[in-house]
Every structure is written in C-alpha cells, then in structure tokens.
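Reading through the structure tokens given below for one structure.
No value in this document is a laboratory result; all are computed from the given coordinates. Small disclaimer: the values here were computed from a predicted structure and weren't measured. All Cβ positions, glycine included, derive from the backbone under ideal geometry; neighbour counts span all protein chains shown.
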Ligand SMILES: [Zn+2]
C-alpha cells in the first residue's frame, strides 16, 4: 500500500490541530462486498486520519476474549454454531463507539450488516448525539469479486497470500517466501463465494439505498487501482471534514 510517510505525518498533525479547535468529527460507515478490498482501505484510512477502524469480527473476538457480559453471550451462540443475534452485536458496537479513542470519530467496517442493525444504530447515535457523517460504498462487480476471491492461494506453512492471476508466486504452487505448499481455502471455492455474495446482496446491499435516501452515501469505484481508490476515499473524507 503506497502511502507517503512524510505526507502522512503532516496530515496527522494537521488533523490533530483542527480537531483541537472543535473541528467536525469523522464518523464513517464503510460498505462493500467480500473481496472489495474494504478492510485494507479502512485500515489505511484509519492510519491516515487517526481514527480507529472498528471491524465487527475483531471486536466480537475481543469481547469474547475479555469475557465481557455481551462477549459471554456472544460465545454461547458461537459455540452452538449459531449467528450472534443483532441485539448482542449492537450492544458490543454501542460499548465500543463510546470509548475515548473514538472521540474524533471511527470507521465501521462490517457493521451494520442489515437494515435492522442500521435502524437500531441510527437510534443509538441519535440518543448519544454521535451522528454518522458519511457512508462509503466500494462498488465492485460480482465477476471481479469472484475472480479475486477464487484465485486466492495461501501458504500452508507461513500463511502468506498469493493469487493465481494478480499475485503469482515465483514457482507455481510453492511459497516464494518459505517454499511451503500453497493451497486453496475451501471458502474460496466458487460456489461458496457465490453463496456469500448472494447473502451479501440480499441482506447488506439494501443498506446502499438506505443510506442514499438519508443523503449520506458516497460511492467509489472499487475496480480502480488500489492507490487511486485510496486517494478518492481520502478526498471524500477530507471534504466531509471541511463541511
Ligand atoms: Zn510460506
């Protein structure tokens, strides 16, 4: 990920100065299908703007590890192989977004996942007076997502990632770093990937319209070069912050 360190430092101090004058916060929801590159971009934006990336998977695992009340509840469902219900997820998010590192904002990555979750998040942000400023949506065609996910290869030994089309190892089927054997993860099989995308389309994609109607949506072409996508996202967030 090509980020210029020097400009990053300048920007960070700039952001801090402006934040000190009671500048507008940056509360962001990041939408995009699996394989859209959303997680990587969210992590770079988090670094650039000095606000935490809140990934549902991560904070769920954290809550479970820390054995918080909600974490214990979540674990019961996970042990039974069931989906963690909305009210538990929302409770964990509610606890997270009021922590001190979220004072200048946050980037939600993987939440909300359904319109029901979005509605209760709306109520919560209204109640706590922490309104969402912008919803980013990375737009990638289903065919490209399938190509990206189905071509992934992982090293059995060191876990390094490769791609049969976009990131080839030096020797076919062999890790360039440790010479371990590469394998194809079962959840990257095409029928599994298509099933995941179908679930995303049915349950999460309606959020794009939901936030468009609220005037919060900003759509970015996720098929562009990774650095161009990042620059566009930065432009959107800087625009939001200045308004
Ligand atoms: Zn390896």
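In what order do 153, 124 fall by count of nearby beta-carbon atoms within 10 Å, going from fewest to most?
Details: 153 21, 124 16.
So the ranking, lowest neighbour count to highest, is 124, 153.
Taking every Cα-Cα distance in the range 39-135 and sorting them into 5 Å bins starting at zero, the pair-distance distribution P(r) comes out as 2, 12, 23, 25, 20, 12, 4, 1 percent.
Short to long, the 5 Å bins of the Cα pair-distance histogram for the range 140-193 hold 4, 24, 28, 22, 14, 7, 2 percent of all pairs.
With the biggest extent put first, the Cα atoms of the chain measure 55, 47, 35 Å across the principal axes.
Give me the percent of DSSP beta bridges within the chain that run antiparallel, rounded to the nearest 5.
Numbers: 8 of 25 bridges.
In the chain, DSSP labels about 30 percent of beta bridges as antiparallel.
For the range 121-188 versus the range 98-113, the spacing of their alpha-carbon centroids is 22 Å.
Normalised by the number of residues in the range 20-166, the mean separation of alpha-carbon contacts (under 8 Å, six or more apart) gives a relative contact order of 37 percent.
How do 219, 97 rank when sorted from fewest to most other Cβ atoms within 10 Å of their own Cβ? It would help to have the intermediate numbers written out before the result.
Working: 219 14, 97 21.
Fewest-to-most Cβ neighbours within 10 Å comes out as 219, 97.
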